Amino acid sequence: MIGGASVLVVAAGFVLGSIPFPYLLTRRSGIDLRRVGSGNVGAANVLRVSSPATAVTVLALDATKGSLAVWLAEAITRQSTVAICAGLAAIAGHAYPPWLGFRGGKGMATTAGVFALLAPAATAVSAAVFVVLIAVSRVVSVGSIGAMVALPPLTAWFAGSPAVVVGASVASAFVAFRHRTNMRRLWLGVELRLGQRL
């Protein structure tokens, strides 16, 4: 029974994560994120092609679905490992939503929501890294990549459980993988700065 419940809450985490809030909120204005800006279904592209208020709303909603996946898993199974898996499933669902042909966002906000519950202190410092790097570089992807690189060691530093550290490492590697095209543009010196539009 516990095993069945675990599978169900992890699946629920994926479904929660796959709710495409960036697409839904901008679609109301006649914008299809997959066909404008960078083509990415995430908050950074929303900021690029829509309003700052919409981008902030998307950021909050994407983080909330990650937190909710973890909270539900913990409430139902009382197992931290299952909660971590549900959180990772939410991140994967955000990146690969079936409803949009598996074309989603890069998972940064959803990862923040997941680890805000699993490792709050580490997530807060990682968020500070994100803000500082963007303030210095004026490039969102620099902040995202830097925050993700910082998350696993910060989780270990703040005495996170080994399972949470492993989860943070998996999430960090996944989000970095999702940013591979950004890394290529950074290398070529053509990555867009904050506020620039394609």
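Can you pull out every residue in segment 90-103 that is at pLDDT 95 or above, surrounded by fewer than 24 Cβ atoms within 10 Å (Cβ to Cβ), aliphatic (A, V, I, L, M) and touching a Phe, Trp or Tyr at 6+ places or on another chain (Cβ under 7 Å)? Matches in segment 90-103: A92 only. If you check A176, A163, A159 for being within 23 Å of L117 (Cβ to Cβ) and loosely packed, with under 12 Cβ neighbours inside 10 Å, only one passes: A159.
Among the residues of segment 104-122, those identified as over 8 Å from the mean Cα position of the chain (by Cα), crowded, with 24+ Cβ neighbours inside 10 Å and modelled with pLDDT of 95 or more are V114, F115, L118, A119, A122.
Per-residue answers, yes or no, for (1) over 23 Å from Y96 (Cβ atoms); (2) in contact (Cβ under 8 Å) with a residue 40 or more places away in the chain; (3) outside any helix (DSSP H, G or I):
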residue: A127; (1), (2), (3): yes, no, no
residue: V131; (1), (2), (3): yes, no, no
residue: M148; (1), (2), (3): no, yes, no
residue: G167; (1), (2), (3): no, yes, no
residue: V170; (1), (2), (3): no, yes, no
residue: L186; (1), (2), (3): yes, yes, no
residue: L194; (1), (2), (3): yes, yes, yes
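Within segment 1-26, the only residue that satisfies the criterion of being outside any helix (DSSP H, G or I) and modelled with pLDDT under 90 is M1. Of A63, A43, A75, which residue is among the aliphatic types (A, V, I, L, M), surrounded by fewer than 19 Cβ atoms within 10 Å (Cβ to Cβ) and either under 24 Å from R193 (Cα atoms) or modelled with pLDDT of 90 or more (or both)? Sole residue among the options that is among the aliphatic types (A, V, I, L, M), surrounded by fewer than 19 Cβ atoms within 10 Å (Cβ to Cβ) and either under 24 Å from R193 (Cα atoms) or modelled with pLDDT of 90 or more (or both): A75.
Of all residues in segment 78-87, those that are in contact with a Leu (Cβ under 9 Å, 6 or more places away or on another chain) and buried (at least 21 other Cβ atoms within 10 Å of the Cβ) total 4.
Yes or no, residue by residue, for (1) among the charged types (D, E, K, R); (2) free of Cβ contacts under 8 Å to residues at least 24 places away in the same chain; (3) in contact with a Gly (Cβ under 7 Å, 6 or more places away or on another chain):
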site: F14; (1), (2), (3): no, no, yes
site: S18; (1), (2), (3): no, no, yes
site: R35; (1), (2), (3): yes, yes, no
site: S38; (1), (2), (3): no, no, no
site: V41; (1), (2), (3): no, no, yes
site: V46; (1), (2), (3): no, no, no
site: T54; (1), (2), (3): no, no, no
site: L61; (1), (2), (3): no, no, no
site: T64; (1), (2), (3): no, no, yes
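Which of the residues that make up segment 1-24 are surrounded by fewer than 21 Cβ atoms within 10 Å (Cβ to Cβ) and aliphatic (A, V, I, L, M)? Selection gives M1, I2, A5, V7, L8, A11, A12, V15, I19, L24.
The values are calculated or read from the model by the stated rules, or taken from the named source; none is laboratory data. Predicted model, so just to flag it, every value in this text is computed and none were measured. Cβ coordinates were reconstructed from backbone atoms using ideal geometry, including for glycine residues, and neighbour counts include every protein chain displayed.
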